[in-house]
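Only one structure is covered here, and it is reproduced in the block below.
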Amino acid sequence: MPLTDTAREAERERIARHVLDLVKERGAEVPWTVAMAESGLTRARFEALFSDYDDLFDAVAQTWLAPHMAVMEEVLASGLPPQRKMFEFFRRRFLISQARFREDPHFFTILCEMGAANFERVRSYVDLADHYLCELIAEAQAEGFFGGLEIDEALSLINQMISNYTLPDALIYLGDKLTEQKLARIVDTMFIGLSGEAGADASGVNTLKVAS
């Protein structure tokens, strides 16, 4: 009997969570054949759910990143002022990753390695986060912040300034050096000084210039 769309998505998520459990238990990425054998499904049923390993990885990535997607959308829909909204956009995702890292550093590291090895499979999530950030930048500019900057330029600058709090791998190397308090100061600094209105020779409101 064919699965409904809702039942199919629920079954895909169940298998994806099981694969995550297997990765945690075995300390390594789980091959397609192992995932199939451990799923409790027939080969035909499994292949009806997942066309290949990439499709399975997509389901695992979707399950793993679902909390991050949820908090971004919550923040985007909130009525917070621009500075706080930007802070929460990064803080809430950082706290999810930080809690996961502290709970099981080895498992977290394996998931980071899987993401790096399959980056093209997770690129859409990165692109979506950038899309949401562009919306926050536009809202902030409407309130007078980030003057003189194109949205894409502000996006690139902010991503580079905040990358330690958005790239999960940074937790592996920096650990407790990454804090909410430091993130708040970084966001405050961005809103105070990130501007293109000092002219073509500077990228902020100070007088520091890059020699050509």
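Of note:
- Members of the stretch 25-82 that are under 26 Å from residue 123 (Cβ atoms), among the small types (Gly, Ala, Ser), open to solvent by less than 60 Å² (accessible area, probe 1.4 Å) and not in a helix (DSSP H, G or I): 28
- Residue check for residue 117: surrounded by 14 or more Cβ atoms within 10 Å (Cβ to Cβ) and among the aliphatic types (A, V, I, L, M): no
- Residue check, residue 155 modelled with pLDDT of 95 or more, of a type outside the set (D, E, K, R) and under 20 Å from the mean Cα position of the chain (by Cα): yes
- For the stretch 120-147, filtered to residues that are open to solvent by less than 60 Å² (accessible area, probe 1.4 Å) and outside any helix (DSSP H, G or I), the residue that is farthest from residue 88 (Cα to Cα) is 147.
- Taking the stretch 148-186 as the range and being assigned to a helix (DSSP H, G or I) and open to solvent by 70 Å² or more (accessible area, probe 1.4 Å) as the test, the residues that pass are 152, 153, 160, 161, 164, 173, 176, 177, 181, 182, 185.
- When the test is whether a residue is of a type in the set (S, T, N, Q), touching a Leu at 6+ places or on another chain (Cβ under 7 Å), surrounded by 14 or more Cβ atoms within 10 Å (Cβ to Cβ) and assigned to a helix (DSSP H, G or I), residue 98 passes it.
- Number of the exception - residue 119 against (1) at pLDDT 95 or above; (2) within 17 Å of residue 60 (Cβ to Cβ): (1)
The values are calculated or read from the model by the stated rules, or taken from the named source; none is laboratory data. Computed from a predicted structure; not experimentally measured. Positions of Cβ are backbone-derived with ideal geometry, glycine not excepted, and every protein chain shown enters the neighbour counts. Note: accessible area is taken over every heavy atom of the protein model, side chains too, but ligands, DNA and RNA are not part of it. Shrake-Rupley method; radii C 1.70, N 1.55, O 1.52, S 1.80 Å.
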